[in-house]
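Each remark here refers to the structure printed beneath this line.
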Amino acid sequence: MQKKRKKLSMMQMLLLIGIMPLLIAMLVVIVMASGMLKENLISQTKSRLAAVCEDVNFYFGVDWDEWMAEGQLGEDDFSFVDSHQDDGIDITVFNGDTRYLSSILDSQGERINGTKAGDEVIQTVLKNGEDYFSPSTIINETSYYVYYTPIYSNDEIVGMAFAGETTEKVNHALADTIRSLVVSTIVVIIAAIIVIVFIAFSVRRPLTQITENMKVLAGGNLHTGLETRSFLKETSDTIESAKALQGNLKSIVDDVKSTSSNLMDQVTEVDRLSEESSGNAVLINNAVGELASTAMSMAENVQSVNTQVMRMGESVADISVNVEQLAASSENMHRVSSEAMESMGQVMDSSHKSVEAINSINTQVLDTNKSVGKINNAIELILGIADQTKLLSLNASIEAARAGDVGKGFAVVAESIKQLSEQSSDGANQIKELADEIISKSGDSVNLTEVIKETIAAEQNQITETQNRFNSLNLEIEKSLVQIEGIDRKTEELISLKDGIISNVQDLSAISEENAASNQEVTASVENIAHAISEISNKSGLMSTMAEKFQQAVNFFK
């Protein structure tokens, strides 16, 4: 298993960025300043020693011959060469290459008069007539900064003027100066570190709170508060963006939850309407079955009427032979006619029930269409929310890309929002397709019910006409019963009436056959309606499952 690499914290990174350049800069400054101070101190020492040599040259060089002619040194002479002892500067006057008067003392406390200068000094000053400076010359076992200058008398070099400071004194002064510089630098570094630490804490605190808030948001809690401020514009903008993101997420999730709940209610309502439509379809099927049974009975009755009419024809032909048989036949005709009237009444009642059932189906289908229209509105709302969520995810991704490593938490949230938007859009499109299919099949059902209504209306008209004709038949039979004595006189009229009855019975038989065919068509249509309603119920179950999954996905957010 690969070992997890330890990462720097924000505090460590800010301190590293702030302090390391400062330390490097201060180190460079100290090194450069030390070199410059050393060069400056050497230059100042050289200038100071050169000025002292000029004083010596002026003091002794003007009256050199006279001064040398006296042959002895006075108190003023010693006082002059010792005049810079308090400043740490030794003075020596050379007569030629030999020290004639010097403030430098040997180990016994005696002046080192009578000693000679070095060969390099003699060559440079006495022979070449040039000034000589050296930062490290050993005199009487002590290292000196030395400066030599020639002394002229009558345009001839007669001696040298010397001024020197011990190297230890000069280095000590340099060390004190560098020490002061280092101390000042350390004080500045400490002050800078304090300022950097303060700034780092000020920068780290809001970023840490933003990170913790993003972790809480990633856990699905949208009700946490982000109460922090920053003096940095970018950090302050990030805080405001995080607050805006949290608010937008909360608003979107609340809207999605509300829409999901409404969708569940609509799906439940569609399911209920489907169950009611299925029950109504069963009722219609039963009613159509009863109508078919009634039609069959009517066909049988019509056949019976036809038989009776034929018998009546035979009776009319034999009326003069057997009046009693005619009377009996008339009675039978009256009874059969009454039964036919009752059958017609039953058919008419069944037809009214069919119309009422079809109207109920039509109403249920229209209500289903309205509910599906509400589902479409909800789907449009979901699609709009999905588009807004996708746009918000794109904006969050752009902001996360701008924020770099700090914005990785935004990138994760943006990706989750994008996936949720795509799932919502896919689910809404599936629901929309199902709703469109339901609307299409409902339209077919509405058209079919209109056809059934028209067919039943035609049947009712035909039944009414048949009833009217049966009424006429009853009247005629009653008249024939009342006027049985004058049957001979009415025989031909009765024969004519018989022919009309036979024609009407034939028409009624044709109508019965057409009614049976219509009943078959109605039965097939009802079966199609039941099948469509079953599919609506199945689609409603699928929609309910999808709505539950959608609601479970949204319930991740609190």
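The values are calculated or read from the model by the stated rules, or taken from the named source; none is laboratory data. Everything numeric in this text was worked out from a predicted model, so none of it was measured. Quick reminder, even Gly has a Cβ in these numbers, built from the backbone with ideal geometry, and neighbours come from all protein chains shown. Remember, those area values only see protein heavy atoms, side chains included, never the ligands or the DNA or RNA. Shrake-Rupley method; radii C 1.70, N 1.55, O 1.52, S 1.80 Å.
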With the first residue restricted to the stretch 239-258 and required to be surrounded by 15 or more Cβ atoms within 10 Å (Cβ to Cβ), and the second required to be assigned to a helix (DSSP H, G or I) and acidic (Asp, Glu), Cβ contacts under 8 Å at 6 or more apart or on different chains are 241/399
Is it true that residue 463 is at pLDDT below 70, more than 30 Å from residue 371 (Cα to Cα) and either touching a strand residue (DSSP E or B) at 6+ places or on another chain (Cβ under 8 Å) or among the β-branched types (Val, Ile, Thr) (or both)? no
Counted residues in the stretch 301-313 being modelled with pLDDT under 70 and either within 18 Å of residue 456 (Cα to Cα) or exposed (fewer than 15 other Cβ atoms within 10 Å of the Cβ) (or both) come to 0
Checked 316, 355 against criteria (at pLDDT below 65 and either open to solvent by less than 80 Å² (accessible area, probe 1.4 Å) or of a type in the set (A, V, I, L, M, F, W, C) (or both)); the one match is 316
Scanning the stretch 91-101 residue by residue, those in contact with a helix residue (DSSP H, G or I) (Cβ under 8 Å, 6 or more places away or on another chain), open to solvent by 20 Å² or more (accessible area, probe 1.4 Å) and assigned to a strand (DSSP E or B) turn out to be 95
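Hey, can you tell me all the residues within the stretch 402-421 that are open to solvent by 80 Å² or more (accessible area, probe 1.4 Å) and either hydrophobic (A, V, I, L, M, F, W, C) or in contact (Cβ under 8 Å) with a residue 12 or more places away in the chain (or both)?
Taking the stretch 402-421 first, the residues open to solvent by 80 Å² or more (accessible area, probe 1.4 Å) are 402, 405-406, 408, 412, 415, 418-419.
Selection gives 406, 412, 415, 418.
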The residue that is nearest to residue 159 (Cα to Cα), considering only those in the stretch 102-141 that are surrounded by 13 or more Cβ atoms within 10 Å (Cβ to Cβ) and among the small types (Gly, Ala, Ser), is 117
Within the stretch 33-53, residues hydroxyl-bearing (Ser, Thr, Tyr) and either buried (at least 17 other Cβ atoms within 10 Å of the Cβ) or free of Cβ contacts under 8 Å to residues at least 12 places away in the same chain (or both) come out as 43, 45, 47
